[in-house]
Amino acid sequence: MLIVKKFGGTSVGSPERIMNVAIRCVEDYKKGNDVVVVLSAMGKSTDELIDLAHKVNPKPPKRELDMLMTTGEQVSVAMMAMAMDSLGVRAVSLNAFQVAMHTTSQYGSARLKRIDSERIRHELEDRKIVIVTGFQGVNKYDDYTTLGRGGSDTTAVALAAALHADSCEIYTDVDGVYTMDPRVVKTAKKLPEITYDEMLELASLGAGVLHNRSVEMAKKYGVPLVVRSSLNYSEGTVVKEDAKVERMLISGVALDKDADRVSVIGLKDRPGVAFRLFDVLAKAGINIDMILQSIGREGTKDISFTCSDGDMDDAIKAIETNKERLQYSAIESRPDVAKVSIVGAGMMTNPGVAAKMFEALYNEDININMISTSEIRVTVLVDLKDADRAANAVHEAFGLGD
Ligand code: ADP
Ligand code: ASP
Ligand code: MG
């Protein structure tokens, strides 16, 4: 069997944890399996590197930030190879250049395009454990890129797909995917299985347990994923095409505190206005999430949208720069908002799901700022101060907890 095992920051956060992971990987290797290990940077070292960069430049060039961040993963893989060597096992660490992990060119949010698998295969044939840096790639300029925060999961899934691995195991600091982040909702329950589609929604809506691109890629290439703990041997959660368990109405709740709302007030109520606004934002490279347009009154209307925290200032700047073209009376911004979402394939065939969510929020006296829905999710925007309470109330209302 060829097994890809990915360990996140906490799992390799100290020399002792690295040793523990090494022992775990060697167990699989000694059973005769080929083992490829993907690692994140130790502990919070990616955050520390970003803080370090900001000490010399409040807006560090993205290329240089990637150059800096990629050192974090390089520390972990070298440490892991040394730990395995101390256990008498042959291991080799490889970075994105040595493997040749080709990505698109955007620094900070590159996408994996192609992975050369020869070097890894060669090392495996030589009976070595291969340890690969997560999160990083190389672009057409031969520069380091990174895949976005949490991107090591995507490295692991991409490698599993490229190597036609028999399994891809994501080890983290919780023992699987829960009905909600167990740090926020204490009664959250571990799910034995979840479908790619549901997991993709949850991951995209703020459930940081898996990088959303990793789920997208797992679905595309049919890579079965297991999310489990590096600290114990409990079963974990299987992410796959069709979960066998009886379809629950709601499989999980997600909370995303990285959301800001911008409202453009007093736009003209005539054709082309929304087009012009979102064209300006698209050209400024702003990713828009929820959109709400008010009903036109007395010839004017308002349009509100949400974007991520990092994009709000640029969005406002782009709108202000184009004031002449857009013709509005004011811009209002709210950085202190959060998204709460419910996700579940069961809601496709069950009416009343949204109403139940809104009732739970009403019972807690929580105001809803915006609403958006898809086939398998309902998202509301609430004040940041209400976010944890909202997630707990909704989780409880659908009977997801213990
Ligand atoms: P790693 O460093 O191993 O990649 P992350 O911090 O990226 O770990 O992801 C694990 C964390 O994700 C957990 O500690 C948990 O707080 C959070 N999380 C958010 N939503 C969920 C969820 N639905 N199920 C499990 N964990 C979740
Ligand atoms: N070390 C990177 C981060 O902190 C990648 C990862 O952990 O997946 O975002
Ligand atoms: Mg992660």
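Go through K113/K283; K113/K257; K62/K240 and tell me which ones have a Cα-Cα distance over 27 Å in this structure.
K113/K257; K62/K240
What share of Cα pairs, in percent, lie more than 17 angstrom apart in segment 335-402?
So the portion of pairs separated by more than 17 Å is 36 percent.
Net charge within 13 Å of E364 by Cβ-Cβ distance, Lys/Arg positive one each and Asp/Glu negative one each, not counting E364 itself?
-4
Taking K and R as +1 and D and E as -1, what net charge do the other residues with C-beta under 15 Å from the C-beta of I295 add up to?
With Lys, Arg at +1 and Asp, Glu at -1, the net is +1.
Please state the charge dipole magnitude for the chain, taken about the Cα centre, from unit charges on C-beta atoms (+1 on K and R, -1 on D and E), reported in debye and rounded to the nearest 20.
640
With +1 on each Lys and Arg Cβ and -1 on each Asp and Glu Cβ, and nothing else charged, work out how big the dipole of segment 248-402 is about its Cα centre, in Debye to the nearest 20.
Rounded to the nearest 20 debye, it is 660 debye.
With the cut-off at 18 Å, report for segment 279-379 the share of all Cα pairs above it, as a whole percent.
Cα-Cα pairs in segment 279-379 separated by more than 18 Å: 59 percent.
Using the per-residue mean of other Cβ atoms lying within 10 Å as a proxy for protection, in what order, highest first, do the peptides 380-389, 292-301, 111-120 fall?
380-389, 111-120, 292-301
Over segment 84-162, what is the percentage of antiparallel beta bridges among all DSSP beta bridges, to the nearest 5?
The answer is about 55 percent antiparallel.
Quote the convex hull volume per residue of segment 129-252, based on C-alpha atoms, as a whole number of Å³.
Convex hull of Cα atoms, per residue: 126 Å³.
How big is D for segment 148-208, in µm² s⁻¹ as a whole number, if Stokes-Einstein is applied with the Kirkwood radius of its Cα pairs at 25 °C and 0.890 mPa s?
Roughly 188 µm²/s, to the nearest whole number.
Need the list of aspartates and glutamates near K219 for cross-linking: C-alpha distance under 17 angstrom, and skip anything on the same chain fewer than eight residues off.
D153, D166, E169, E193, D197, E198, E201, E241, D242
Do any of K59/K323; K59/K140; K30/K128 go past 19 Å between their Cα atoms, and which?
K59/K323; K59/K140
Percent antiparallel among DSSP beta bridges with both residues in segment 162-303, to the nearest 5?
Here the antiparallel bridges make up roughly 55 percent for segment 162-303.
According to the Cα gyration tensor, what semi-axes, each the square root of 5 times an eigenvalue, does the equivalent ellipsoid of segment 294-341 have, listed from largest to smallest in whole Å?
Taking √(5λ) for each Cα gyration eigenvalue gives 22, 17, 7 Å.
Which whole-number value in Å³ per residue fits the convex hull of the alpha carbons of segment 42-109?
91
I need the peptides 361-369, 21-29 ranked by packing, meaning the mean over residues of other C-beta atoms within 10 angstrom, with the highest value on top.
The packing order, highest mean first, is 21-29, 361-369.
Please state the equivalent ellipsoid semi-axes for segment 1-61: what are the square roots of 5 times the Cα gyration tensor eigenvalues, largest first, in whole Å?
Working through the eigenvalues yields semi-axes of 33, 13, 6 Å.
Peptides 2-11, 319-328: what's the order by average Cβ count within 10 Å, highest mean first?
In descending order of packing, they fall as 2-11, 319-328.
Taking 7 Å along the Cα-to-C-beta vector as the label spot, tell me the M82-K55 distance in nanometres, rounded to one decimal.
2.2
Run the helix sum for the chain: -39,500 (n - 2.57) per DSSP H stretch of 4+ residues, divided by residue count, reported at 222 nm to the nearest 500 deg cm²/dmol.
Mean residue ellipticity, 222 nm, calculated: -10500 deg cm²/dmol.
So for the chain, what are the equivalent ellipsoid semi-axes in whole Å, largest first, each being the square root of 5 times an eigenvalue of the Cα gyration tensor?
Equivalent ellipsoid semi-axes, largest first: 40, 27, 18 Å.
Which is farthest toward the positive dipole end of segment 1-127 among Q98, S109, G43, measuring Cα position about the Cα centre, with Cβ charges +1 (Lys, Arg) and -1 (Asp, Glu)?
In segment 1-127, that residue is S109.
Give the distance, in whole Å, between the Cα centre of segment 72-144 and the Cα centre of segment 326-365.
Using only Cα atoms to place each centre, the spacing works out to 41 Å.
With no solvent and one point per C-alpha, what does the Debye sum give as log10 I(q)/I(0) for segment 1-148 at q = 0.09, 0.18, 0.20 Å⁻¹?
-0.28, -1.01, -1.18
Run the dipole for segment 158-280 about the Cα centre, Lys and Arg Cβ at +1, Asp and Glu Cβ at -1, nothing else charged, and hand back the magnitude in debye, nearest 20.
My answer is approximately 380 debye.
Every number here is computed from the coordinates shown, using simple stated rules; none is lab data. Note that the structure is predicted; figures quoted are calculated from it, not measured. Here Cβ is always computed from backbone atoms with ideal geometry, including for glycine, and neighbour counts include all displayed protein chains.
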